[in-house]
1. Residues that are at pLDDT 90 or above and under 24 Å from A51 (Cα atoms): find the helices (runs of 4 or more DSSP H) completely inside the stretch 79-167 holding 2 or more of those.
2. Give me the pairs: first residue in the stretch 124-137 and of a type outside the set (A, V, I, L, M), second residue assigned to a helix (DSSP H, G or I), beta-carbon distance under 7 Å, and six or more apart or on different chains, which are they?
3. For the stretch 30-45, which residues satisfy the criterion of being more than 23 Å from V72 (Cβ to Cβ), more than 11 Å from the chain's Cα centre (by Cα) and not hydrophobic (A, V, I, L, M, F, W, C)?
4. Among the residues of the stretch 15-28, write down those that are surrounded by 16 or more Cβ atoms within 10 Å (Cβ to Cβ), within 28 Å of N67 (Cα to Cα) and not aliphatic (A, V, I, L, M).
Amino acid sequence: MVAGAREKRAMSEALPLTEVTLRTEAKVRRERLRFGAPVRRQAISKRQQLAWLAPDATFALVRWRRNAYGTVSWRLFIAQAGRPGEALVAIPGVRPGAHALAVLQGAVRVRRGLLALGELERAGVNLLDISPAFWRRFQERVFQKKPLILPSPSQVAFGYARRKALS
């Protein structure tokens, strides 16, 4: 292990991290991070892994489930990891919880949200650098079936500065 990796691991163990459980079962369930920068990952088994995120880290969690009759649940959570003592929202698979910035449910809305995330990436925007305020507007735009408005340079600069200050 190189010195930088050792220091990063020691720092991650000192911080109160948000734990995200990701499970995959073929044709039954799939939970994955669409974007986010985990400080650490650990494979529990072929079907399950854990990812830990630093406080204030922004991430997107996609959860899909089906049964014998088809898809029963499809959700997209864009959230921000919290700090100790903050009021957090309970998100399935996220411990102790997180600040929910955008929550999309249902196949149509989640697809629309995933397409919008791809659109942002194609426009050259780093999704980790966007401010939390943009994600709340993002949810409204998806719900209202309105075209996506790219984040302003100040929203990206704010998010970038916040992320750099925390790392």
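1. Once the helices (runs of 4 or more DSSP H) in the stretch 79-167 are filtered for at least 2 residues that are at pLDDT 90 or above and under 24 Å from A51 (Cα atoms), what remains is 107-122.
2. Between residues of the stretch 124-137 that are of a type outside the set (A, V, I, L, M) and residues that are assigned to a helix (DSSP H, G or I), the close pairs are D129/V156; D129/G159; D129/Y160; D129/R163; S131/Q155; S131/F158; S131/G159; F134/Q155.
3. Once the filter is applied, which keeps residues that are more than 23 Å from V72 (Cβ to Cβ), more than 11 Å from the chain's Cα centre (by Cα) and not hydrophobic (A, V, I, L, M, F, W, C), the stretch 30-45 yields R40, R41, Q42, S45.
4. E19, R23
The values are calculated or read from the model by the stated rules, or taken from the named source; none is laboratory data. Given the structure is predicted, the values throughout are model-derived calculations rather than measurements. Cβ sites come from the backbone with ideal geometry, for glycine too, and all protein chains shown count toward neighbours.
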